[in-house]
Amino acid sequence: MSAEQWPSIPAVLRVMSGWFLVGIGLLNLAVEFDGGLTGAYLIFHLVITAGGVLLLLRRRPRPSRGGWVAAAVLIVVVFVATLAPDTSACCMENYPGRHGYPFPFLGAGGGLHVDPLYLGADLIFWGCASLLAVVALALTERALPERRVPVDLSLYDAVAGPPARSENVGGLT
């Protein structure tokens, strides 16, 4: 494989992941429309589908470094915060204390248990949510006014240009 082909590998992986996420998200939504569609399930698959669509976009808005840091901090905080509430949701019935969103993957009570399948699903969900957060921050940054140092235009004459400081041209007379 030549060196020119290496940059295309991430693009191919991005497109394959995008189509996979869009396909899974839409297929699961279509299958569940006939009954049993809960709020958490709907949010999960809408975020998965939106993340796949964003991966398929040719030009995605890109935030500044501060936007990347803010999105990373936001997702970590939200992921940790979703571990706090105790839920009685679908998964891990053998453990009375279930933690995680949208699928409880951490079971407490009778010892700690981590379900790797639900942990993987939650990480994919929060990865897509972080992609949505990054794009939202990039669009917000684009809408903000530029943060340049203001220039005092009152010193400039509209016709003559900036005022001359002196007649001296560096020692030449």
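The values are calculated or read from the model by the stated rules, or taken from the named source; none is laboratory data. Here the structure is a predicted model, which is why all the values come from computation and not from measurement. Positions of Cβ are generated from backbone atoms using ideal geometry, with glycine treated the same way; all protein chains shown enter the neighbour counts. Just so you know, the surface numbers come from the protein's heavy atoms only, side chains and all, with ligands and any DNA or RNA stripped out. Shrake-Rupley method; radii C 1.70, N 1.55, O 1.52, S 1.80 Å.
Accessible area per residue for segment 93-140 in Å², computed with a 1.4 Å probe and the full protein assembly in place, what is it?
48
In nm, give the distance between the simple-model label positions of D34 and S64, each being 7 Å from the Cα along the Cα-to-Cβ direction.
5.3
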